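Note sheet for the following structure.
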Amino acid sequence: MSDSPISHHPGGEAPAPSDAEPSQEQRAQMEQAYQQMQRKMRITQMDEQIKHKVMVLSGKGGVGKSTVATGLALSLARQGQKVGLMDIDITGPNVPKMLGLESADLNVEEGQIHPAVGPHGLKVISMAFLLEDPDKPVIWRGPIKLGAIQQFIGDVAWGDLDALVIDFPPGTSDEPLTVSQNLPGIDGVVIVTTPQEVALLDSRKSINFAKTISVPVLGVVENMSGYTVRGKSEPNSPVSVMGPSGTHIEAESDGEGNWSVTLDVFKSGGGREAAEELGVPFLGALPFDPGIVRGGDDGVHRIVAEPEGETARAFDSVVQRITEELERDSGRSLRIV
Ligand SMILES: Nc1ncnc2c1ncn2[C@@H]1O[C@H](COP(=O)(O)OP(=O)(O)OP(=O)(O)O)[C@@H](O)[C@H]1O
Ligand SMILES: [Mg+2]
């Protein structure tokens, strides 16, 4: 490395023992220490360059954390904000697939990785970009995994950002702990849940986990909240729809014959209840939308495919609530100690 402070002894007379040419092992150690120092400096710089850092967590897997993290980032980005999305899931990094960035080439300059750029200028970095074969399972034991995350945090050239959204694997595992210990100035945690009791129970764990790592809880988002069926019939006429449990749900069409019925696929309202019970803000509900599944598979997020649709608007309103929380408590003063 040309800018490394490690240089050879100028040569000439035989060096005194204390001045002796470092061994190969010592040189490697010095190089490592130098790189770590550089990384620390970059992380300090990152704290100044990135206005808000938000972690997205859930206690339970498969509740839509990656979909929500990606949606929140896209919603902010389409409002003209400079946004980054960091996918810390080492074993199942699927954010690039959701954004159609699977084959993105990353630029590495002066030891820093430049993120891929997705829709609305969203900057994205994912472990998936760094794995040789994303289909091969990654089995990294504790310390190696944590080392990789530390490098991952310190080696990305984000530039100036209004917000950085961080997606994690499910549960209260090592990853969020490592990030909270290595990335200064995290504003808070957004907890994603679905309305079933088991998911809610796990959200409680996530809230307690956030408290133990001294990161504030910005609030709870209820995902897959309800599925809205729409139709057309005679104006102002009764409509009956058979719900998931076999019961009939009655509705009435409007003056133009339009009707809609929202089916609670996994019950609903549990996210709000859990938030109230645990004394944290409820950030809103996102509908169950089969278009999200299709979008995830096709690499076009629902917000990009249908920017004025119900799902995109629901994301905008959750972002609005998060922004209010961030502004109200403005970062560190909110820190729970
Ligand atoms: N609101 C929604 N409506 C319909 N399907 C959804 C919704 N949110 C997420 N999904 C689907 O649920 C599945 C799981 O979503 P996702 O991968 O975002 O969950 P996750 O919590 O990140 O999972 P993991 O715990 O494995 O990281 C995906 O197929 C996704 O398309
Ligand atoms: Mg995920």
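The values are calculated or read from the model by the stated rules, or taken from the named source; none is laboratory data. Because the structure is predicted, anything quoted here is derived from the model rather than measured. Cβ coordinates were reconstructed from backbone atoms using ideal geometry, including for glycine residues, and neighbour counts include every protein chain displayed.
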Result of the Cβ filter at 6 Å on segment 53-68, keeping first residues that are under 23 Å from Q181 (Cβ atoms) and partners that are within 6 Å of ligand 1 (Cβ to nearest atom) and part of a helix (DSSP H, G or I), at least 6 apart or interchain, is V56/K65; S58/K65
Is it the case, given these coordinates, that Q196 is away from ligand 1 (no atom under 13 Å from the Cβ), more than 15 Å from the chain's Cα centre (by Cα) and modelled with pLDDT of 85 or more? no
Matching residues in segment 161-175 - criterion: being away from ligand 2 (no atom under 12 Å from the Cβ) and under 12 Å from the mean Cα position of the chain (by Cα): A163, L164, V165
For segment 75-95, pairs from a residue that is assigned by TED's automatic domain parsing to the domain that holds D133 to a residue that is near ligand 1 (Cβ under 10 Å from one of its atoms) and assigned to a loop (DSSP other than H, G, I, E, B), with Cβ under 6 Å and 6 or more apart or across chains, are D87/P93; I88/F168; D89/P169
Test E308 against the criterion of being away from ligand 2 (no atom under 16 Å from the Cβ), under 19 Å from T193 (Cα atoms) and among the charged types (D, E, K, R), and give yes or no. no
Would you mind telling me which numbered condition in (1) more than 16 Å from ligand 1 (Cβ to nearest atom); (2) surrounded by fewer than 21 Cβ atoms within 10 Å (Cβ to Cβ); (3) under 22 Å from Q32 (Cα atoms) F152 fails? (2)
Scan segment 155-187 for residues that are among the hydrophobic types (A, V, I, L, M, F, W, C), surrounded by 17 or more Cβ atoms within 10 Å (Cβ to Cβ) and more than 25 Å from E109 (Cβ to Cβ) and jot them down. F168, I186
Among the candidates V215, V221, V239, which residue alone is within 15 Å of ligand 1 (Cβ to nearest atom) and either among the aliphatic types (A, V, I, L, M) or not assigned by TED's automatic domain parsing to the domain that holds A73 (or both)? V221
Looking at segment 229-264, which of its residues are loosely packed, with under 13 Cβ neighbours inside 10 Å, within 28 Å of T194 (Cα to Cα) and polar (S, T, N, Q)? S240, S245, T247
Within segment 34-64, the residues that are modelled with pLDDT of 95 or more and more than 17 Å from E327 (Cα to Cα) are V56
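Could you list, in sequence order, the residues of segment 61-90 that are out of contact with any Pro (no Cβ under 6 Å at 6 or more places or on another chain) and near ligand 1 (Cβ under 9 Å from one of its atoms)?
Passing the criteria: G62, V63, G64, K65, S66, T67, V68, A69, T70, G71.
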Being assigned by TED's automatic domain parsing to the domain that holds V124 and modelled with pLDDT of 95 or more narrows A305, A312 down to just A312
